[in-house]
Structures are given as structure tokens and as C-alpha cells.
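Notes follow once the structure below has been shown.
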Amino acid sequence: MSLTQSILEKTNALAEVDFAYENSSNFSLIESLNYDCTALVMEASVIYFEIKNLPTLLKTGKRLAARVYKIYYHALQEVCKATEGFLSCTSQNSFLLIYPKEQHHVSYVVEVAMKIANLFSVQLRESIEKVAAISFAMGIDIGNILGTKVKSDFDYTEVIWFGKTINKAMTICHECNRPYFVGVSGTIYNHLDENLKVTTKRIIGIKKQVELWNRLSYQFENEKKHLYQTNFHKTFEEGEE
């Protein structure tokens, strides 16, 4: 069989078969998926994390960029293990952190993002900046996503996730720049606990309620929408920072 015939045979098979999927928030079911048209569908909050300065780092060298990527990957993997999330590598400068709705309220996920912001920009800053400058942002949205398996020539298994929710989180992330490390959709913001919307600060000796979020407009799928961004931090060990 020629290469073209082999590809054509597989393409036709994938084009014609019914796409089987299971609705579940149980990540362990991923192991039971095969490499054809099977998938896991769930409603989840997603954090799209982007290393903003990776294109600049690549000008210095590929090894530097890869080293920085691995630093972020290791830290985010540990965060996901500790917070019951699922980490997916999406490209050379971004990651996807997934939290099923059945298990976690949106406030929990936003709080995780605030803690990640503190982890990189404060707690690990000195260590990371021995290698390269820190520049990152996160976008968060909630909705239905679909994960399916792919398989490489080296038998390496990876789950690829699809959904409008992911695209919106990515767009929100692209809108956020220092000092705003975290951006959320209007849906996420409207479902936040009040203590994640405002905080109390002393201004000239007087306690005042202060908004934690800055609202701005952006375009998504040719529609005007609102996102909310913040530079508010929390820590994993001590709560508010």
C-alpha cells in the first residue's frame, strides 16, 4: 500500500465513523479512550496560561526558551496536582489548566489563578529571573470542552482539548498585560464570591471597599464583550497577599 493510499484509508475511516463521547468530569476515563473518534466531554473552568515573552527569549536561543518553558511546566504541573486540576500543553508558549465544574466553583479556580500569579511574580521571581525575565498572563472562562487522544510515532499519548470556552480564555489572556496577570470572562466574574470582587484597604487611615477588577471591552467572534482583569494576588500558604 502506498503512503497516499494509507493516509486516504485512515482519513476516510475518521471522516465516516460516528464520534463517540462520554459526558463526565472524571479525568481517569481518558485512559479508556482510543485513538479514533472517541472523546471525553465535560463542563469546566479553564485557565489559559501564556508565557508572554517567549518570542523574545527565542531571539536569544532555543535552549533558553525551552528551559523557561520547562520551569513553568514543572511549577504548573505541581499546582494542578495540589488543586485537582488537569494540565495540558497547547503550544510552545502556553498551557491549559482544566477544572471540572462538578468539582470546583469558579471562585476556586480564580483563586488558584491569583495564587499562580503570586507564585511566579513574587515567590519564585528571584529564582526564575536568574534564567529570564518573568512575563505571563492568564485568561479564564467556563463552558463545555471536549478532549480526545492523539498518538505520535513514538507512542506518546496526549489529550487535545477543543471548545469555544478555550478560545475565549485564550483571547482574554491575549488582552491581559502587566500588571494585570489574570483576566476573566463576564460569566466568571458574575459568579465570583464577593470576597474575590472587592477587598478592604486603609486609605489615609480610613477603611474603604476597593474593587479588585478593572473592566474593559474586547472583541470575540466579531462581538463586543467585557472582560475583567486584576493584579490581586493570593498565596498558597497564607491566603491573601
Cα centroid separation - the stretch 1-46 against the stretch 103-166, whole Å:
23 Å
Taking the Cα centre as origin and putting +1 on Lys and Arg beta-carbons and -1 on Asp and Glu beta-carbons, what dipole magnitude results for the stretch 19-232, to the nearest 20 debye?
1120 debye
Packing-based exposure ordering (other Cβ within 10 Å, fewest first) of Cys173, Cys37:
Cys37, Cys173
Proxy reagent accessibility, fewest Cβ within 10 Å first, across Glu9, Glu194
Glu194, Glu9
May I ask you to order 113-124, 41-52 by the average number of other C-beta atoms within 10 Å around their residues, highest value first?
41-52, 113-124
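If packing is taken as the mean number of other Cβ atoms within 10 Å per residue, what is the order of 62-75, 82-95, 178-191, highest first? Please report the intermediate quantities before stating the final value.
Values: 62-75: 15.1, 82-95: 16.9, 178-191: 19.9.
My ranking of the peptides, most packed first, is 178-191, 82-95, 62-75.
Would you mind checking the pairs Lys130/Lys207; Lys62/Lys164; Lys168/Lys208; Lys52/Lys164; Lys130/Lys234 and listing those with alpha carbons more than 27 angstrom apart?
Lys130/Lys207; Lys62/Lys164; Lys168/Lys208
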Which percent, to the nearest 5, of DSSP beta bridges fully inside the chain are antiparallel?
90 percent
Degrees separating the helix 164-175 axis from the principal Cα axis of the chain, which is the longest one
50 degrees
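Any read-out appearing in this document is the output of simple, stated calculations on the displayed coordinates, not a laboratory observation. All values reported here derive from a predicted model rather than from experimental measurement. Because the Cβ atoms are built from the backbone with ideal geometry, glycine has one as well, and the counts that use them run over all protein chains shown.
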